[in-house]
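Handing you a structure now.
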Amino acid sequence: MILSTMRFDGYEWLHNPLSVEISHKRVLVCDLLPKVGRDTEDMGRDCMVVSGKGELYGKDCMEQYSQLEKKYLQGKTGVLTIPGLMPLRARFSRLTVLAADTPDLLTYSFEFVEEHSLPHEKTNTEYICREGDTLFDIAHSFGTTVDELVRLNPHLRRPDELTAGKAVRLC
């Protein structure tokens, strides 16, 4: 049973997408070496791509889409949280309306591309929460664990519900 919904940078889906596909790929370089043959070198993994399809429904489905589109148009890197998976830093790379079947149903597809970035330096001693942040998101962004953040912040009652403006101790 999935109790949480997908989130990205403060936006929370009302209903999880119908399907989510996660694709991993390795970067391989093939060279033709004289008198030796082919040599394939593994350059490591490429960015993970998260794509899928969903439905927005209800009398306000166009307003729901408008909110999702605003998040897409911001073009920012944010933390993508998918129930059952580790959060990842990603960029919202594609949003497509597939069909507006009826006035109360809109079908769409989406794509997020993992953002490779250097880990944050541990010079910050605290983080000020933004709307929609969770300890899971913060732990991932600062290269630590939720357990460590809970240990450092015994005053936090619910790690999944943080108040915007609240300080979270990082070290």
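For the chain, modelled as a Gaussian network with Cα springs under 10 Å, which listed residue fluctuates most, Lys76, Lys53, Lys35?
Checking each option, the largest mean-square fluctuation is seen for Lys35.
Taking 7 Å along the Cα-to-C-beta vector as the label spot, tell me the Thr163-His15 distance in nanometres, rounded to one decimal.
Computed distance between label sites Thr163 and His15 equals 3.4 nm.
Here's something else I'd like to know. Under a Cβ-only charge scheme (Lys and Arg +1, Asp and Glu -1), can you give me the dipole magnitude of the chain about the Cα centre, in debye to the nearest 20?
Details: 21 positive and 26 negative charges, 63 e Å.
Here the size comes out at about 300 debye.
Report the FRET efficiency, 1/(1 + (r/R0)^6), for Glu126 and Thr77, where r is their Cβ-Cβ distance and R0 is 25 Å, rounded to 0.05.
On the way: r = 21 Å, r/R0 = 0.85.
In this case the efficiency is close to 0.70.
By how many nm would the segment from Cys171 to Thr40 grow when fully extended, if each residue of separation counts as 0.36 nm and the alpha-carbon distance is taken off?
Gain in length upon complete extension: 42.9 nm.
Return Phe136, Phe8 ranked ascending by Cβ neighbour count within 10 Å, so the fewest neighbours appear first.
Numbers: Phe136 19, Phe8 24.
Taking fewest neighbouring Cβ atoms as first place, the list is Phe136, Phe8.
How large is the charge dipole for the range 119-171, taken about the Cα centre, if only the Cβ atoms of Lys, Arg (+1) and Asp, Glu (-1) carry charge, to the nearest 20 debye?
On the way: 7 positive and 9 negative charges, 39 e Å.
In total the dipole reaches around 180 debye.
List the GluC sites (Glu not before Pro) in the range 126-171 that DSSP assigns to loop (not H, G, I, E or B) and whose Cβ has at most 10 other Cβ atoms within 10 Å. Which are they?
Working: sites: Glu126, Glu131, Glu148, Glu161; in loops: Glu131, Glu161.
Listed in order of number, the matching sites are Glu161.
In a shell of Cβ-Cβ distance under 13 Å around Lys71, excluding Lys71 itself, what net charge do Lys and Arg (+1) and Asp and Glu (-1) give? Let's see the in-between values first.
On the way: positive: Arg7, Lys70, Lys76, Arg91, Arg94; negative: Asp9, Glu12, Glu69, Glu131.
Residues close to Lys71 contribute a combined charge of +1.
Between Met62 and Thr5, what is the FRET efficiency for a Förster distance of 22 Å, r being their Cβ-Cβ separation, to the nearest 0.05? Mind showing how you got there, number by number?
Working: r = 20 Å, r/R0 = 0.90.
So the FRET efficiency works out to roughly 0.65.
Please compute the modelled spin-label separation between Leu33 and Leu98, points set 7 Å along Cα→Cβ, answer in nm with one decimal.
Computed distance between label sites Leu98 and Leu33 equals 4.6 nm.
What does the helix-only formula give at 222 nm for the chain: each DSSP H stretch with n ≥ 4 adding -39500 (n - 2.57), the total divided by the residues, and the result rounded to the nearest 500 deg cm²/dmol? Write down the numbers at each step before the final one.
On the way: 3 runs with 28 residues, N = 171.
The helix-only estimate for the chain comes to -4500 deg cm²/dmol at 222 nm.
Taking square-rooted eigenvalues a ≥ b ≥ c of the alpha carbon gyration tensor, is the chain rounded, prolate or oblate, where a/c under 1.5 means rounded and, failing that, a/b exceeding b/c means prolate? Let's see the in-between values first.
Values: a/c = 2.51, a/b = 1.13, b/c = 2.22.
Taking the square roots of the gyration eigenvalues as a ≥ b ≥ c, the chain is oblate.
A short reminder: the numbers here are calculations on the coordinates, not readings from a lab. Everything numeric here is computed off the predicted structure, so don't read it as measured data. So basically every Cβ, Gly included, is an ideal-geometry build from the backbone, and we count neighbours across all protein chains shown.
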